[in-house]
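Laboratory data are not the source of any read-out in this text; all were calculated from the coordinates shown. Bear in mind the structure is a predicted one, so any value in this text is a computation, not a measurement. Neighbour counts are summed over all protein chains in view; Cβ atoms, including those assigned to glycine, are modelled from backbone coordinates with ideal geometry.
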Amino acid sequence: MEQLLFIQPERMLKFEYENNQYIARIVLQNVSAIFVAFKVRLSNQNDYSVKPTIGVLRAGNSVTLQLTTENAICINADRVQILAGPISNNEDVIQFFKKQQRLNQKILKCSIDEVPSLQSTVYKSTISPQEINDFKTTTIKTEYVKPLKKQQLLPKDILTLEEQIKKISEDLKVIKEKQNDGKITVGIKPFLLSILISMIVGVYITYR
């Protein structure tokens, strides 16, 4: 059968990303002197939208078919079949393709350069989907612990100045009673002086 349509592209149909979907275009031109009917089929009908899928071209006329899909994963494996045949001016094109047996056909291989999607990345990666899900749901809890100052004492180990004075007063009272009883012969003034010095040193270390 003689050539009826000039089809562009001739072999490879390339899809490009436009407006959140993948689009490819096919130009059909009637290069005969008669009316030509055309019909488009796909190996994967569910994932594609084709406009128009069927029609009739007068001699010399042309039409641009637009194919769109949102699923780019299988594009490189899909095929497009274009059927064409001579038709009379008043014949119904749908009935024509139902009964027509002898038709010209052209098969184009679909192609895409790159699939910029998470699904394709997971498919090509050596990381399993389960590992990716585990990574998404894992949270890391951090807690800041303020470091203690050097030689910092715990609150229970620190005596206030008032408590230290009270303790020393009690000790002095006991010493005085023992001195009156003759059990202590050491002079009380040197002893008080040593206690006072110890108290001053203790207060300095505690509150510095």
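Here are the numbers:
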item	result
Rel. contact order, % - alpha carbon contacts under 8 angstrom, at least six apart, region 5-116	32 percent
Full-stretch length increase - Met12, Arg58 - with 0.36 nm per residue and alpha-carbon distance subtracted	14.0 nm
Cα-based Kirkwood hydrodynamic radius, region 5-116, one decimal, Å	14.6 Å
Karplus-derived 3J(HN,Hα), 6.51/-1.76/1.60, for each residue of region 36-41, Hz, glycine and proline x	10, 8, 9, 8, 10, 10
Hz values of 3J(HN,Hα) by residue in region 21-33 - Karplus curve (6.51, -1.76, 1.60), Gly and Pro given as x	8, 9, 10, 9, 10, 10, 9, 10, 10, 6, 9, 9, 9
Paramagnetic label zone (point 7 Å from Cα along Cα-to-C-beta, Ser88; backbone N under 20 Å) in region 20-46	33-38
Full-stretch length increase - Asn76, Asp47 - with 0.36 nm per residue and alpha-carbon distance subtracted	9.1 nm
Rel. contact order, % - alpha carbon contacts under 8 angstrom, at least six apart, region 1-50	37 percent
Lysine pairs within region 5-116, Cα separation less than 24 Å, 8 or more sequence positions apart or different chains	14
